[in-house]
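Written below as structure tokens is the structure these notes are about.
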Amino acid sequence: MSAHHLFAAGVYDFGLGRLGATTGALLGLAGLVVAGLALARPAGRLGSVNPSLVARAAMVAGLIGMALGALVATTADGGLGTGNGLGGAYVAMLVGLIATALGRLVLTRSRRTG
């Protein structure tokens, strides 16, 4: 048995690395959805909520998602495919970055119109 098989997690095992990466990706996705709704319909689906509050919420969710992704990526024991959540960490950082950028765009547009 090789060392790769000793360190690899099973397909259905859900360790801390996978949990952190999944949580980060879901937070980033939530920020992405909120920012996307605020961009698509400024006064529609979100009602009378302050756009700068929505933008800040999207940015915070994106930043936390990126931080969790970075934490998992730096503490992962193996590479991609070992079950330590490294692939999910990269996804969490990417989705968090997009959510933060869209939140910044919503904040800029809300300041310009307000």
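Every read-out reported here was derived from the displayed coordinates using simple, explicitly stated rules and does not represent laboratory data. Given the structure is predicted, the values throughout are model-derived calculations rather than measurements. Cβ atoms come from the backbone with ideal geometry, glycine included; neighbour counts cover every protein chain shown.
What spacing in nm lies between the two simple spin-label points modelled at L19 and S52, each 7 Å away from Cα in the Cβ direction?
So the label points at L19 and S52 sit 3.8 nm apart.
How far apart, in nanometres, would the label points at R104 and L71 be if each is projected 7 angstrom from Cα along the Cα-to-Cβ direction?
2.3
For an R0 of 30 angstrom, estimate the FRET efficiency from the Cβ-Cβ distance between L94 and V60 and round to the nearest 0.05.
0.95
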